[in-house]
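Heads up, the thing below is written out as structure tokens.
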Amino acid sequence: MTRPITASLLNNSLACPHRVFLDCFGNPALRDPVSPFVQLLWDKGTIYEKEVIEGLGMPFVDLSGLSGDEKEAATRAAIDRGDTLIYSGRLSVDELFAEPDLLRREGAGNVAIDIKSGGGHEGGATWPRPPARLPKKVGNLSNQSSKSEEYCSDVKQQQLSRNSIER
């Protein structure tokens with residue numbers, strides 16, 4: 001089974017490419033349990049997202065009650081209708097997959113918006129470099145599939161090379 005390439009996977013690759021490799025090819029049973037600190041961040045993030053959505057003060061399409069193909073079909077229908085705001089949509093092209101918190105109509109396209117209250121790192125960890133800003137506009141992603149496959153292949157090859165050098 002091919003793992004879809006998500007915004008979270010791309011964001012994780014900025015912080016630690018090794019994590020992406022482990023997420024794609026590692027044994028899930030070897031993962032550390034979720035710490036209370038990380039769970040607290042997730043819970044507070046969910047509460048913050050709900051507060052932001054409730055405080056929008058404008059109409060929006062709420063797809064949070066849907067999942068899978070049904071959610072994607074509803075997202076595409078809302079985009080086709082030209083709805084201004086879509087909450088909890090889903091889009092995919094080939095193995096590229098996204099579930100943005102909000103999609104906002106802007107001109108002839110849509111802008112994906114991720115609602116975040118902040119960020120944190122457990123244990124004083126720091127990013128090796130500041131995260132890059134990814135393009136906000138969601139366009140035709142169909143030409144990206146070969147580049148994505150090359151990237152995952154490169155990550156896997158780099159890890160295999162590191163393992164052979166370390167031995």
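Just how large is the dipole of region 1-79 about the Cα centre, in debye to the nearest 20, putting +1 at every Lys and Arg Cβ and -1 at every Asp and Glu Cβ?
Values: 7 positive and 10 negative charges, 61 e Å.
Charge dipole of region 1-79: 300 debye, to the nearest 20.
Loop-only check: which trypsin sites (Lys or Arg not before Pro) in region 12-121 are DSSP coil with at most 16 other Cβ within 10 angstrom? If you can, show how the numbers build up before the last one.
Working: sites: Arg19, Arg31, Lys44, Lys50, Lys71, Arg76, Arg81, Arg90, Arg104, Arg105, Lys116; in loops: Arg31, Arg90, Lys116.
Counting only loop positions with at most 16 other Cβ atoms within 10 Å, the trypsin sites (Lys or Arg not before Pro) in region 12-121 are Arg31, Lys116.
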For region 1-122, report the convex hull volume of the alpha-carbon atoms normalised per residue, in Å³, without decimals. 142 Å³
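Just so you know, all these numbers are worked out from the coordinates, no wet-lab data involved. What you see is a predicted model, and the numbers here were worked out from it, not measured in a lab. Glycine also receives a Cβ, built like all others from the backbone with ideal geometry; neighbour counts cover every protein chain displayed.
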